[in-house]
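Take a look at the structure below.
The values are calculated or read from the model by the stated rules, or taken from the named source; none is laboratory data. Predicted model only: the values in this text are computed from it and were never measured. Positions of Cβ are generated from backbone atoms using ideal geometry, with glycine treated the same way; all protein chains shown enter the neighbour counts. SASA here: full protein model, heavy atoms, side chains in, ligands and nucleic acids out. Shrake-Rupley method; radii C 1.70, N 1.55, O 1.52, S 1.80 Å.
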Amino acid sequence: METVTAQNLEACETRFVDRDRVEDAQRALGDRRAVSDVADLFRAVADPTRVAILRALGTAALCNCDLAALLGISESAVSHQMRELRLMKLVTAERRGRMVYYTLSDTHIRHILDDTFRHVREERP
C-alpha cells in the first residue's frame, strides 16, 4: 500500500464514485435543514465568551451577575451573549423572585462541549 503524503492526499488519481458509500453518506447527512441547523449551532459556539458561558452553565444555573463575575465582563456584555444563546435555544431562563437564572436547554449541549473539550485536550502525534 502506498504511503499517503501531503502531495498525493489532495485528490484521487482515478475518478470512481462508489455509489454504496455515497448513499450511506447521503443517509447520514439527512435533510439539508439539519445540516444548516448544525452549522448554526457551531457558529453560535464559535465565540470564546459563549463557550465559557455554556461550559459554566453545564455545572450550575447561574444569573447574569454570576456570569459577569466569573468571566470578568460587564453584565451588559453577558446579557448580549445570553440573548444570542436564547435565540439559538441553547439556554433557557427562569425567573426566581427578582433574579433570572440561566441553564443549558438540555444535556446535549453539555455533551457536545464535553466531547469537544476532550478532543482539543487529546495529545496529538
Please pick out the residue among A68, A25, A56 that is loosely packed, with under 11 Cβ neighbours inside 10 Å, hydrophobic (A, V, I, L, M, F, W, C) and without any contact (Cβ under 8 Å) to a residue 24 or more places away in the chain.
A25
Do we find that R86 is of a type outside the set (F, W, Y), open to solvent by 50 Å² or more (accessible area, probe 1.4 Å) and under 21 Å from T103 (Cβ atoms) in this structure?
yes
How about segment 38-62: which of its residues are in a helix (DSSP H, G or I), charged (D, E, K, R) and either more than 13 Å from M88 (Cα to Cα) or touching a Lys or Arg at 6+ places or on another chain (Cβ under 9 Å) (or both)?
R55
May I ask you to verify whether A46 is surrounded by 10 or more Cβ atoms within 10 Å (Cβ to Cβ) and free of Cβ contacts under 8 Å to residues at least 24 places away in the same chain?
no
State which residue pairs qualify: first residue over 23 Å from V38 (Cβ atoms) and modelled with pLDDT of 95 or more and inside segment 98-125, second residue open to solvent by less than 60 Å² (accessible area, probe 1.4 Å) and assigned to a loop (DSSP other than H, G, I, E, B) in any location, beta carbons under 8 Å apart, and separation of 6 or more residues or different chains.
Y101/A61
Please determine, by comparing only the residues of segment 94-125 that are among the basic types (K, R) and loosely packed, with under 10 Cβ neighbours inside 10 Å, which one is farthest from V45 (Cα to Cα).
R98
Regarding V17, is this residue outside any helix (DSSP H, G or I), at pLDDT 80 or above and open to solvent by less than 100 Å² (accessible area, probe 1.4 Å)?
yes
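Might you let me know whether segment 68-75 holds any residue that is within 17 Å of Y102 (Cβ to Cβ), outside any helix (DSSP H, G or I) and within 19 Å of the chain's Cα centre (by Cα)?
No, segment 68-75 contains no residue that is within 17 Å of Y102 (Cβ to Cβ), outside any helix (DSSP H, G or I) and within 19 Å of the chain's Cα centre (by Cα).
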Of all residues in segment 71-92, which are touching a residue at least 12 places away in the same chain (Cβ under 8 Å) and of a type in the set (D, E, K, R)?
E84, K89
Is it the case, given these coordinates, that V35 is surrounded by fewer than 16 Cβ atoms within 10 Å (Cβ to Cβ) and either touching a strand residue (DSSP E or B) at 6+ places or on another chain (Cβ under 9 Å) or in a helix (DSSP H, G or I) (or both)?
yes
Failed condition for T92, given (1) assigned to a helix (DSSP H, G or I); (2) within 26 Å of the chain's Cα centre (by Cα):
(1)
S79, sole failed condition from (1) touching a Cys at 6+ places or on another chain (Cβ under 7 Å); (2) of a type in the set (S, T, Y); (3) part of a helix (DSSP H, G or I)
(1)
